[in-house]
1. Within region 224-234, track down each residue that is over 23 Å from residue 325 (Cα atoms) and crowded, with 17+ Cβ neighbours inside 10 Å.
2. Going by what's in this entry, would residue 313 be described as at pLDDT 90 or above, under 25 Å from residue 153 (Cα atoms) and not small (Gly, Ala, Ser)?
3. Hey, does region 307-314 have a residue that's crowded, with 18+ Cβ neighbours inside 10 Å, within 30 Å of residue 121 (Cβ to Cβ) and not aromatic (Phe, Trp, Tyr)?
4. Name the single residue, out of those in region 126-142 being small (Gly, Ala, Ser) and out of contact with any Phe, Trp or Tyr (no Cβ under 8 Å at 6 or more places or on another chain), that is modelled with the lowest pLDDT.
5. Can you pull out the residues in region 214-224 that are among the charged types (D, E, K, R), in a loop (DSSP other than H, G, I, E, B) and at pLDDT below 90?
6. Pull out all pairs, ordered by first then second residue, where Cβ-Cβ is under 6 Å, the residues are six or more apart or on different chains, the first lies in region 282-297 and is under 16 Å from residue 252 (Cα atoms) and assigned by TED's automatic domain parsing to the domain that holds residue 207, and the second is of a type in the set (Gly, Ala, Ser) and assigned to a strand (DSSP E or B).
7. Answer yes if at least one residue in region 215-229 is at positive phi and either over 18 Å from the mean Cα position of the chain (by Cα) or not assigned by TED's automatic domain parsing to the domain that holds residue 22 (or both), and no otherwise.
8. Can you say whether residue 238 is hydroxyl-bearing (Ser, Thr, Tyr), within 18 Å of the chain's Cα centre (by Cα) and surrounded by 13 or more Cβ atoms within 10 Å (Cβ to Cβ), as far as the supplied structure shows?
Amino acid sequence: MALLEYKCPNCGGPIQFDSSTQRMICPYCESEMDVAALRALDADMAKSQESEEIVWDYDGGSWLPNEQQGMAVYSCHSCSGEIVGDQTLGATTCPFCGNPVVMTSRFSGTLRPDLVIPFKLGKDAALSALEKHYLGKRLLPKSFKDRNHLNEVKGVYVPFWLFDANTYARITYKATKVRSWSDRSYNYVETSTFNVIREGGLSFDGVPVDGSKAIDDPLMESIEPYALRDAVGFQTAYLAGYFANKYDVTSSECTGRANERVSNSTVSAFARTVVGYNTVAPLTKNVTMSSGRVRYALLPVWMLGTTWQERSFIFAMNGQTGKFVGDLPVDKKEKRRWFWKIFLIAAALLVLIPQIVMLIMWGGA
């Protein structure tokens, strides 16, 4: 396995990608370098920093069957410390000296991503977003914000498959229009029923599907969308200072989810064109899809983990746009109090409204 480390040309210290300046920065001498300037260095460093894969060998107890499966060990060139990770690990930080390292073999050949969206927002932005996420949550336990323990904040490049597709759909709807009027004797209601047809095609560019089993799919979808216009050709320099995983769910395994997302988006887009009716209900739908290209991309995500009362809470922030999501605990006592407040207010209104109506009627008489 080959380890790739980016060294400062001035002081020899480890450099990493800075999301705020979009440049490589040395934290020791504050030297800066364009990412593009490192393009030619990738091949040279990969050759000069080759290391042997560590053999799993232990003189003591024997490994249980399949216990080593999925594990890998790498050696840090700076401190000779051993980095242990699973076989999907693509980039990490040495736990001993903090030096950012990249396992280049994980991103070579067929595993090399086509695109990467560099981080636009840093760690401070993720922490600030977490604080804002707490605001306005009336049912959030008061002790959660002060007593929860922030386990980790890490920037992760999550593997995604980007699907391009064309769809052609024909959808029919049953729609109604309701008209009402009155005269001195009666109230009238007229309901007109219509068959509405929508037919046409749509094109989709870069529909993302999470390619990692370790990352929660609904969590990743909730921080979309990403602006693919900011995507650039993959360079390992963008990974320096961040975590990264290679995909462990193939593009063919993601096809079903991609088709589902494209089909649902098509149906939703057509439904938004049926306007001007009181009710709309789909009767039949026929969506056909023709597949296009598939690309492998790494997209930036800030992952935050907190622990409170022995429970773990995971939050995620889009490293490009800042969209922040994550579940929060609910104060059950406060929830009950709010329920009874709303119940009592509603009960009081049920008693008072008839009396108010009677007073208005008597006053009018």
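1. Residue satisfying the conditions is 234 alone.
2. Working: at pLDDT 90 or above: no; under 25 Å from residue 153 (Cα atoms): yes; not small (Gly, Ala, Ser): yes.
Against the criterion (at pLDDT 90 or above, under 25 Å from residue 153 (Cα atoms) and not small (Gly, Ala, Ser)), residue 313 does not qualify.
3. Of all residues in region 307-314, those crowded, with 18+ Cβ neighbours inside 10 Å come to none.
No - not one qualifying residue is present in region 307-314.
4. Our first condition is that a residue be small (Gly, Ala, Ser); within region 126-142, this holds for 126, 128-129, 136.
Filter once more, keeping what is out of contact with any Phe, Trp or Tyr (no Cβ under 8 Å at 6 or more places or on another chain): 128, 136.
Working: 128: 91, 136: 74.
Going through the qualifying residues, I end up with 136.
5. Step one: of region 214-224, the residues among the charged types (D, E, K, R) are 216-217, 221, 224.
Then keep just the ones that are in a loop (DSSP other than H, G, I, E, B); that gives 216, 224.
Answer for region 214-224, where residues must be among the charged types (D, E, K, R), in a loop (DSSP other than H, G, I, E, B) and at pLDDT below 90: just 216.
6. 289/165; 291/165; 292/165
7. So the first thing to find is which residues in region 215-229 are at positive phi, and the list is none.
So far as region 215-229 goes, no, none of its residues is at positive phi and either over 18 Å from the mean Cα position of the chain (by Cα) or not assigned by TED's automatic domain parsing to the domain that holds residue 22 (or both).
8. Values: hydroxyl-bearing (Ser, Thr, Tyr): yes; within 18 Å of the chain's Cα centre (by Cα): no; surrounded by 13 or more Cβ atoms within 10 Å (Cβ to Cβ): yes.
No.
The values are calculated or read from the model by the stated rules, or taken from the named source; none is laboratory data. This one's a predicted model, so the numbers in the text were calculated from it and none came from an experiment. Every residue, glycine as well, gets a Cβ built from its backbone with ideal geometry; the counts of neighbours run over all protein chains shown.
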